[in-house]
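Okay, so here's the structure we're looking at.
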Amino acid sequence: MYMIQRKAIPSLAEIAVALLVSGLTALSDEFGELSDSFGGVVTLVGLRHGNTTNPDGTGINFWTPDYEGADATSASLSNPHMSAADAYGNVYIADKASNAILKIAPDGSIHTFAGTHEAGFNGDGPGLATELQIASPNGLFVLPDGTVYLLDPGNHRIRRVGVDGVMATIVNDPDSGWAPSGRALWVSPDETLIYYTHEYPAAPPSVIAAGATVKMWTPAGGIETVCSKAVGFRNPGNIAVNPVDGKLYVTDRAEEDSAKLATGLFRIDGPDQRTRVTGNVTQPKAAPGQLAINSFIEGVRGIAFLPNGSYFLCAHKGGDVWFVDTDGVLHRYIQGSGKGDAYLISTGQHPPLVGKSYVSQPRAVSLAPNGDLLVTCNDSGYVLRVQNTAPPSIAEGLRLRYEAGAVHVEWTGVFGRGYRLERCVDLRTGLWTPIGAMGGQGPASVVGILDKPALYPHHAYYRVLPAL
């Protein structure tokens, strides 16, 4: 009986074959495949607080020296705005109200990575990152090798922390109109292009920010405006580059827009040119199965692209984490609330998580080099990891080029995935030395690392491993 029933109900594969034979398009289960590629949720850090705001409206700094080196699950964050990871399993957090960038090591311990936990400015460096002050950091971008770029909006700067822990100022934006906020930051793999955003302070008697701008920086051209405030951005949340079309996408939470007309996700098509990707307030409220362009998502804030151009999207006021497939269709991945500091996720729960509000006010999503999804949410501050369970991405086309006493190791890899390069001079010892890490750029692009050992051996072996 069981076999008869099973044969009477065709499988998705059988339906797909039948449709292809008939010349029709096969059904897609893109969201199902996406969900199957992830496992359970792990809470990396966060404790709930009854109040997270000082009387003057600033966020409370909960950091104490006791947290340094402690288990991250016993530590409090202070109004975190972004989290991202490197290829070695470290997670970095822009902890705005503690005026620091924090790092969670693979063993789960938490450490100060940059800043002194006191807002201020005591120099551009170069200097030890934990000895230079930053002010209200609310954006960061992490390269696979552990190089970290951070927004220091209180000082109108973008800083770079190298793998040696030394911090230096890369961009010093003299715009006197830069309010102490920013949030959005993106850096190219070769570090020669930076996109960032900043808001303009309110013009009295108004208390509402006077719009925002999108800018870019290159070593040759310096700071240039991509979108002036006349374009209409209000409170940009995050930015990312789509690996398929190569264009910049900007989320605008538009928190101060009472009419809710400015909020949404936008594609940048050229200087002062943007195209709306999610619907405006006149469209139906977002729901699973609707097209993103025809759906209103309030307070869009975080975005992270997958290799095929699909993406995760989160909304501060809407409260949900969405997956948007390659057809632009919405799928609710984690249901949430736009209010409060609720966090009702237990370790091991497997998204999709719907039916109640599991989180509140998600403000950033990112994909780690190993494929894990990181979500940062609410003012009490939680960072959760949804573990990638798909097979690791293997580097392809590994080859060597010799250059003036050094070796250039090259390969191709999947966009967004990280790869670690190691060297061994004697296989009998089994000792492999880490050389660096790079992110894959897709089959059409070759990435590589130049290995310049102090005493170049007569022979060496190299291997490229997936990110941890």
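The values are calculated or read from the model by the stated rules, or taken from the named source; none is laboratory data. Everything numeric here is computed off the predicted structure, so don't read it as measured data. Neighbour counts run over all protein chains shown; Cβ positions are idealised from the backbone, glycine included. The area values use the complete protein model at the heavy-atom level, side chains included, leaving out ligands, DNA and RNA. Shrake-Rupley method; radii C 1.70, N 1.55, O 1.52, S 1.80 Å.
Here's the yes/no breakdown for (1) part of a loop (DSSP other than H, G, I, E, B); (2) open to solvent by less than 10 Å² (accessible area, probe 1.4 Å); (3) more than 28 Å from G442 (Cα to Cα); (4) of a type in the set (D, E, K, R):
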site: N308; (1), (2), (3), (4): yes, no, no, no
site: F323; (1), (2), (3), (4): no, yes, no, no
site: H331; (1), (2), (3), (4): no, no, no, no
site: K339; (1), (2), (3), (4): yes, no, yes, yes
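When we screen G442, G371 for residues that are assigned to a loop (DSSP other than H, G, I, E, B) and crowded, with 23+ Cβ neighbours inside 10 Å, the only hit is G371.
Among the residues of segment 272-282, none qualifies, meaning not one is under 26 Å from A97 (Cα atoms), open to solvent by 30 Å² or more (accessible area, probe 1.4 Å) and either not in a loop (DSSP other than H, G, I, E, B) or not aromatic (F, W, Y) (or both).
Before we move on, is P180 open to solvent by 60 Å² or more (accessible area, probe 1.4 Å) and at pLDDT below 95? Yes, satisfied.
Considering the conditions (1) more than 19 Å from the chain's Cα centre (by Cα); (2) surrounded by fewer than 13 Cβ atoms within 10 Å (Cβ to Cβ), G246 is excluded by exactly one of them, (1).
Residues of segment 154-165 include at least one that is without any contact (Cβ under 8 Å) to a residue 40 or more places away in the chain, part of a strand (DSSP E or B) and under 17 Å from the mean Cα position of the chain (by Cα). Here I435 does not fit the description of being part of a loop (DSSP other than H, G, I, E, B), surrounded by 12 or more Cβ atoms within 10 Å (Cβ to Cβ) and either among the small types (G, A, S) or touching a residue at least 12 places away in the same chain (Cβ under 8 Å) (or both). Picking from residues in segment 69-107 that are part of a loop (DSSP other than H, G, I, E, B) and among the acidic types (D, E), the one that is farthest from the chain's Cα centre (by Cα) is D107.
Residues of segment 389-419 that are within 13 Å of L450 (Cβ to Cβ) and acidic (D, E): E403, E410. Taken as a whole, the condition of being in contact with a Phe, Trp or Tyr (Cβ under 7 Å, 6 or more places away or on another chain) and either open to solvent by 50 Å² or more (accessible area, probe 1.4 Å) or more than 30 Å from A94 (Cβ to Cβ) (or both) applies to G405. Would a scan of segment 193-202 turn up a residue that is of a type in the set (G, A, S) and either in contact (Cβ under 8 Å) with a residue 40 or more places away in the chain or over 21 Å from N155 (Cβ atoms) (or both)? No - not one qualifying residue is present in segment 193-202. For segment 184-240, residues that are of a type in the set (A, V, I, L, M, F, W, C), open to solvent by less than 20 Å² (accessible area, probe 1.4 Å), under 20 Å from P174 (Cα atoms) and part of a loop (DSSP other than H, G, I, E, B) total 2. Any residue at all in segment 140-148 that is of a type in the set (A, V, I, L, M) and out of contact with any Leu (no Cβ under 9 Å at 6 or more places or on another chain)? Scanning segment 140-148, I find at least one residue that is of a type in the set (A, V, I, L, M) and out of contact with any Leu (no Cβ under 9 Å at 6 or more places or on another chain), so the answer is yes.
Inside segment 1-58, counting only helices (runs of 4 or more DSSP H) that do not spill past its ends, which hold 1 or more residues that are at pLDDT 50 or above?
Values: elements: 2-8, 12-22, 30-36.
In segment 1-58, the matching helices (runs of 4 or more DSSP H) lie at 30-36.
Among the residues of segment 108-131, those that are under 19 Å from S78 (Cα atoms) and in a loop (DSSP other than H, G, I, E, B) comprise G108, G115, T116, H117, E118, A119, G120.
Checking the stated criteria, G397 turns out not to satisfy the condition of being among the small types (G, A, S), modelled with pLDDT under 95, within 24 Å of S98 (Cα to Cα) and open to solvent by less than 50 Å² (accessible area, probe 1.4 Å). Pick from segment 341-368 the residues that are assigned to a loop (DSSP other than H, G, I, E, B) and open to solvent by less than 10 Å² (accessible area, probe 1.4 Å): which of them is farthest from H408 (Cα to Cα)? By that ranking, first place goes to P351.
Pairing each residue of segment 94-108 that is under 19 Å from G69 (Cβ atoms) and without any contact (Cβ under 8 Å) to a residue 24 or more places away in the chain with any residue that is surrounded by fewer than 21 Cβ atoms within 10 Å (Cβ to Cβ) and among the polar types (S, T, N, Q), provided the two are 6+ apart or on different chains, yields C-beta distances under 7 Å for K103/N90; A105/N90.
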